[in-house]
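Single-structure report; data block below.
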Number of protein chains: 6
Amino acid sequence: MYLGDVAWPDLEDYFETESLALIPLGSTEQHGPHLPEATDHLIAEAFAREVAERTGYLCTPTITVGVSGHHRQFHGTMWVEPSVFREYVASLTRNLTYHGIDRVVYVNAHGGNVPHLREVGARLRQEEVAYGIEWMWDESIPDLVDDLFEQNGPHGGPKETAMIQYLDSALVHEDRLADARDGGMTSVDDAEMMRHGSRTFYDAADNTDNGVLGDQTDATAEKGEQLFDAATEQLVHLADWLADQAFEDLLPRDHV
Amino acid sequence: MYLGDVAWPDLEDYFETESLALIPLGSTEQHGPHLPEATDHLIAEAFAREVAERTGYLCTPTITVGVSGHHRQFHGTMWVEPSVFREYVASLTRNLTYHGIDRVVYVNAHGGNVPHLREVGARLRQEEVAYGIEWMWDESIPDLVDDLFEQNGPHGGPKETAMIQYLDSALVHEDRLADARDGGMTSVDDAEMMRHGSRTFYDAADNTDNGVLGDQTDATAEKGEQLFDAATEQLVHLADWLADQAFEDLLPRDHV
Amino acid sequence: MYLGDVAWPDLEDYFETESLALIPLGSTEQHGPHLPEATDHLIAEAFAREVAERTGYLCTPTITVGVSGHHRQFHGTMWVEPSVFREYVASLTRNLTYHGIDRVVYVNAHGGNVPHLREVGARLRQEEVAYGIEWMWDESIPDLVDDLFEQNGPHGGPKETAMIQYLDSALVHEDRLADARDGGMTSVDDAEMMRHGSRTFYDAADNTDNGVLGDQTDATAEKGEQLFDAATEQLVHLADWLADQAFEDLLPRDHV
Amino acid sequence: MYLGDVAWPDLEDYFETESLALIPLGSTEQHGPHLPEATDHLIAEAFAREVAERTGYLCTPTITVGVSGHHRQFHGTMWVEPSVFREYVASLTRNLTYHGIDRVVYVNAHGGNVPHLREVGARLRQEEVAYGIEWMWDESIPDLVDDLFEQNGPHGGPKETAMIQYLDSALVHEDRLADARDGGMTSVDDAEMMRHGSRTFYDAADNTDNGVLGDQTDATAEKGEQLFDAATEQLVHLADWLADQAFEDLLPRDHV
Amino acid sequence: MYLGDVAWPDLEDYFETESLALIPLGSTEQHGPHLPEATDHLIAEAFAREVAERTGYLCTPTITVGVSGHHRQFHGTMWVEPSVFREYVASLTRNLTYHGIDRVVYVNAHGGNVPHLREVGARLRQEEVAYGIEWMWDESIPDLVDDLFEQNGPHGGPKETAMIQYLDSALVHEDRLADARDGGMTSVDDAEMMRHGSRTFYDAADNTDNGVLGDQTDATAEKGEQLFDAATEQLVHLADWLADQAFEDLLPRDHV
Amino acid sequence: MYLGDVAWPDLEDYFETESLALIPLGSTEQHGPHLPEATDHLIAEAFAREVAERTGYLCTPTITVGVSGHHRQFHGTMWVEPSVFREYVASLTRNLTYHGIDRVVYVNAHGGNVPHLREVGARLRQEEVAYGIEWMWDESIPDLVDDLFEQNGPHGGPKETAMIQYLDSALVHEDRLADARDGGMTSVDDAEMMRHGSRTFYDAADNTDNGVLGDQTDATAEKGEQLFDAATEQLVHLADWLADQAFEDLLPRDHV
């Protein structure tokens, strides 16, 4: 069920019987010359809505702007400071508990949000307010992602390209896929990312000229569909597992 | 132009020639038994997207959750604390200036956000970071709003009902309009809102049983269309006026 | 009873039997060429002290500096940032509850403080710490205010002028009343305050040359007395009503 | 000149020629059975106003509530948290600089405020915003204070008693002076304040039953007048010295 | 050079010619039944001091308590909240720049600090205050670490054991190594750390009974020495590389 | 017992039977031409470790950087902002309570930390989280300190010199003691520290050229040992006293 579409009296049943919410969030940031800035939050929203529809779990509206300061050099990237993002997500989650929600899945499609969602989740759990966990679609199907693409760059690469080809093909500039590859960094291994054990870069612009990594040319909508179906299934399992837990089992363990 | 749909190289021209952005924001909160929780942000997004399309000004993704703690008693209302909302909007706006944006219109459809957007706007202007102003669609066409409806409640009333009837009729429970009226507070004048000069209530639940005010039964999609067209025109004018100003003329005046 | 004058043992009875406090607050800010900078807090203090004397309710010392950044262009205006003001009032109120106070009236005479006092009041109520409400004297007697003056500007206008004429006539420059009118903005309707539905100004200096609105020339001490008596009566009623409530009836309602 | 009494155009000359402000601040807190809760801020205000009158320097309205949490056990003590106090004073001072003030004397009569005013002063100086220093009247005339009284307790003792006897004798309960002494702690030396080098107490209530220290019975209005005159003279000197400095000489020294 | 040992005049030369500092930091937290709570900060300190001695770069005192809330269930674990840790490191780093330092290596030996040090580093770089990077010894020699041990658990495992055996063997309970292995989680692969793509655990206690992972029984002081030498060499290279950069080359790139 | 050296299972007994921790903290800041920057935290650590050894009470690792911004003009001084220091200490203390600690002694050797430790202690006590008190070694033996030295400057003077001579003589530049005296301020009485009752200086550099006060030439390791033994004894007494109290007796008293 998508919360945004529903009138309040029609939510009463849900909150009486369920305590889980799916919160989609991503980013609005450059995704290379071929993909739209909304890429991450479109993907997150697609997963969360699909799973909500299949399972009946509640899905909230999408948080569209996240922690993307490391993409700032490219036109149009939007972001909030990390501390602001954390407070926004924490406040929003905490307030959902007013209706009886006590566990959430942050359906996330932006790597830059991950440590911040983990920090929020740890804090809310410690305070016994809610148990929130972060889910990244590609982390749920690592083998399939590896199988489908030659050079599977972590940002704006073929996996995200295929996903948008499948979800909203009009937003993909098919004629720029080779440019995306050639103007970016094809293989992560080639990047001078680590220096003597230290990650010495901070921004996407430190490593790539066009903001993306990977070889986008073997992305197709069909592969996108495969990815979407496989990861959706994983999220369904995760949501079901989470819904089945007793709240006290989700809380921190006692001191030894 | 909708920022979310565009790849970053295609934004270069805009940022070279323009410095204005439209930021839609609303709320996700109860709107009575007849309207969806997304009502406010749907309306805001519709206006911002429409004007962006007509004028070419940049429209960002929508901030869907705002300051709605005063609706918390009704299922599904989402909110963040006022200070969190302000920091989120301020950070997001401040970071947009990195690309050359120096003026924004907060295309807002939720009264509860107004003082907070004003506070953010005043701060950013004072710091000479950006000039941001808040726009509420119904404030731009007060006479038309008054003409069209008998009892024009400020929340979940006929003006918002008509707007959703026009924008996405499937989301309106037409069969509950009379219930909405009868279970709520038809006339604001009847409400005991002020006591000896003091507003002694804080929450929607203090005044109404179902969360809404006004008489929804004379709302129609046709009236919604009228409202939408008239207010869109106002927003176009506002954006054009704003784009025409020299930035220094938008900044605070000098000390006398 | 005025708290500042009393030794601590003499407050014991009050805190045993009563739980209400009146907290006067205003601003120290420009009020045109004819009125002193203390205008707002003098008025607030006068009301709070008068009502405390008539009723016996406790009145605290006055918070003299508030949210007045929008008057900064005029010599002498003092202010704190909105967030600082909120924290100051919230902390002060919260700590009063240590003695048994659980309800306060913010006896306010400065419009710029209103949304901030409302925000503080909402937060403290939500946390079930205290129930605090904001009272503006002129909001309690709107008809009388309208009756007495031709052009009743909201800042530095005849209603505030009359009040200071009555409370402390030596502080009014009677010989500048016409100047005040002519150098300011006589009618609010003439001001270009709203543009296509948006309030595009932020500072008093954006609209007026001398910082005030209205026609001050028909202000008199007699009218000031009328206003004072009438609004005092309203505040007495408000305080009595508030004192009569059970604390639990002042708290937020339960979730539907 | 007292800022509160003046209309803004009449401040122009001052800000053109001077850059110093006196900011009185104290506390509203228990001062034993014989003195009013306003004791500290009445004293601070009296000094600041007197010096402003004698010298022409600008005096602002008084900050009446400070850091007094350590007196909370006694009825009527008001306080804000230390961090809130610091932000309030810092924001207020910072904003005064908008008019050209760049140096302030915090005319303080409450020991509990001292470290916080020092912290604010250090911060503003380091940021080269303003140079603010804290002044306590009794610190300026330590010998006279010692000479006049047998047991000169630091809180609610004879020096403060004499001062209020002089400034507003109606507020002193003369008939309770012996009680104040007998119910409190006559000699600080008797108090078990330090334990093996550590101050193990935090609150006034940890040491005294009625909240005060010293022997109040030898306080008189005449002694109060002596104290007032002598300390006023010191503050005049301090203000003159401060006004004479070049601003750059008040700023932090360069790195060695 | 170790800053703590030096008198201030003897630092002048360094600050005139160099601008790099090594800041060791770790944690004080449980490291299983066999290792001391200081393990992480002892290791960090050893590397930073050794490199400072070999190269002459400045080494500061050690920050001994970090982000370790996820080990709280085990006796003695100390920690500060993530936001507090970030502010402490940021403030400390920012203030070092007062002496001319503009680049630092956070010589870190605790994984839980990593995202927070990255966040601080990104912020300070963005503000063009300093360029700070995080270095973890084991990240600099991944192949050697893999070669030396069978089951190289990430916390309290053989690599940390070997390091303390080498650095301060008296602190290792050699007789508990097998217990450490058997009571913990030998292989990370066995842990149910990821569930359908989501990391569903937060605390060490969620996964292990004694707080550690890996097989500690093949750790030796000799291996510790090998690790120490190899990683020290890496840190020397990193420091040299960093010292050689022009500051402007370390700052964020320009907008495309 | 020193927490850093112990494996977690070996702390169980302590936390079952005791609830006190000693937390050493000082500064890393200039101490004149003759003493190392670590002076304060070395001293603090020495006392805390010695007492822990003698008594068995738990000693934590040392907080090496404190509030030292007032020494910033001298090379190498490190510091964090006061608010950051307070939060760090408060968070660290609060989290210790998770293991059963409810009382701590901040074994402090830096005057600049004192008001901040008092503020933290007051807050934690008020919240009934923990009872923390600050201890300065020289405050515990004022007579002995006075007896041993002619000119006992408060910073970098003979008492600190003697202490480091005793604790780690290699760190003292014996050949610079006369220089330290001559280049600094021998007698505090000579300093123009107070002006008409106001402390008009903020930084050490405002008063001294080399950062120190006092006559260092009569410091000896033997005197250092005397001081160390005497103050250690005091700290033992304090810790024993503190350990003997019932927690409720350490909490704030009730409202009168």
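The values are calculated or read from the model by the stated rules, or taken from the named source; none is laboratory data. Predicted model only: the values in this text are computed from it and were never measured. Cβ coordinates were reconstructed from backbone atoms using ideal geometry, including for glycine residues, and neighbour counts include every protein chain displayed. Ligands, DNA and RNA are excluded from the accessible area calculation, which covers all protein heavy atoms including side chains. Shrake-Rupley method; radii C 1.70, N 1.55, O 1.52, S 1.80 Å.
Key figures for this structure:
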| quantity | calculated |
| --- | --- |
| Over 28 Å [Cα-Cα, segment E:58-214], rounded percent | 30 percent |
| DSSP beta bridge pairing in chain F, given as percent antiparallel to the nearest 5 | 15 percent |
| Where GluC sites (Glu not before Pro) fall in DSSP loop in segment D:159-256, at most 11 other Cβ within 10 Å | D:Glu192 |
| Computed over segment F:3-250: relative contact order in percent, which uses C-alpha pairs under 8 Å that are six or more apart | 22 percent |
| Order of exposure, largest accessible area first, which applies to E:Asp40, F:Asp179 with probe 1.4 Å | F:Asp179, E:Asp40 |
| Chain A: angle of helix A:39-55 to the longest principal axis, Cα-based, in degrees nearest 10 | 40 degrees |
| Inter-chain Cβ neighbour average for residues C:234-243, partner chain, 10 Å | 3 |
| Mean Cβ count within 10 Å, highest first, over the residues of peptides C:25-33, E:42-50 | C:25-33, E:42-50 |
| DSSP bridge orientation in the protein assembly as shown - percent antiparallel, rounded to nearest 5 | 20 percent |
| 0 to 90° range, to nearest 10: angle between helix A:221-244 axis and chain A longest Cα axis | 30 degrees |
| Area hidden from solvent between B and A (accessible, protein heavy atoms only, 1.4 Å, total, Å²) | 4200 Å² |
| Nm distances between copies for D:Asp182, ranked from closest, using label points 7 Å along Cα→Cβ | 6.4, 7.1, 7.6, 7.6, 10.1 |
| Prolate/oblate/rounded call for the protein assembly as shown, Cα gyration tensor, a/c under 1.5 rounded | oblate |
| For peptides F:70-81, F:236-247, sequence by mean Cβ density within 10 Å, most packed first | F:70-81, F:236-247 |
| GluC sites (Glu not before Pro) lying in DSSP loop within segment F:83-142, provided at most 16 other Cβ fall within 10 Å | F:Glu127, F:Glu128 |
| Solvent-accessible surface ranking, highest first, for E:Arg123, A:Arg199, D:Arg103 at 1.4 angstrom | A:Arg199, E:Arg123, D:Arg103 |
| Proximal lysines to F:Lys159, defined as alpha-carbon separation beneath 19 angstrom and excluding residues fewer than eight positions away on the same chain | F:Lys223 |
| Per residue solvent-accessible surface (Å²) - the protein assembly as shown, probe of 1.4 Å | 33 Å² |
| Simple Cβ-charge dipole of segment A:46-109, Lys/Arg +1 and Asp/Glu -1, about Cα centre, in debye nearest 20 | 40 debye |
| E:Glu127-A:Glu128 FRET efficiency (beta carbon distance; Förster radius 45 Å; 0.05 resolution) | 0.80 |
| Taking N as its residue count, the alpha carbon Rg of segment F:1-121 over 2.2 N^0.38 Å | 1.10 |
| Helix-only CD estimate at 222 nm, as mean residue ellipticity for chain A, using -39500 (n - 2.57) per DSSP H run (n ≥ 4) | -12500 deg cm²/dmol |
| Exercise: per-residue mean of other protein chain Cβ atoms within 10 Å, A:87-97 | 6 |
| C-alpha long axis of helix F:82-96 to longest principal axis of chain F, angle in ° | 30 degrees |
| Alpha-carbon centroid distance for the pair segment A:18-72 / segment A:212-228, whole angstrom | 18 Å |
| DSSP beta bridges in segment D:104-235 [antiparallel fraction, %, rounded to 5] | 25 percent |
| Volume in Å³ per residue [convex hull over Cα atoms, computed for segment F:74-153] | 119 Å³ |
| Sites A:Asp13 and F:Asp168 - FRET efficiency at Förster radius 56 Å, r taken between beta-carbons, to 0.05 | 0.20 |
| Accessible carbon and sulfur surface of chain A relative to its total accessible area, %, 1.4 Å | 42 percent |
| Amide hydrogen neighbours beyond the local backbone of F:Gly76, cut-off 5 Å, H modeled | none |
| The protein assembly as shown - charge dipole about Cα centre, Lys and Arg +1 at Cβ, Asp and Glu -1, debye rounded to 20 | 0 debye |
| For B:Thr97, inter-copy label distances in nm, listed shortest first [label point 7 Å out on the Cα-Cβ vector] | 1.9, 1.9, 3.6, 3.8, 4.1 |
| Averaged over D:206-218, number of beta-carbon atoms from partner chains that fall within 10 Å | 1 |
| Separation in nanometres of the label points that stand 7 Å from Cα toward Cβ, at E:Arg49 and B:Val236 | 7.4 nm |
| 7 Å along Cα→Cβ, label-point gaps from F:Phe201 to other copies, nm, shortest first | 3.3, 5.2, 5.2, 5.8, 6.4 |
| Closest-to-axis residue of chain A (Cβ criterion, axis taking A to B), whole Å | A:Tyr88, 2 |
| Dipole magnitude of segment A:3-250, debye to nearest 20 (Cβ charges: Lys/Arg +1, Asp/Glu -1, about Cα centre) | 820 debye |
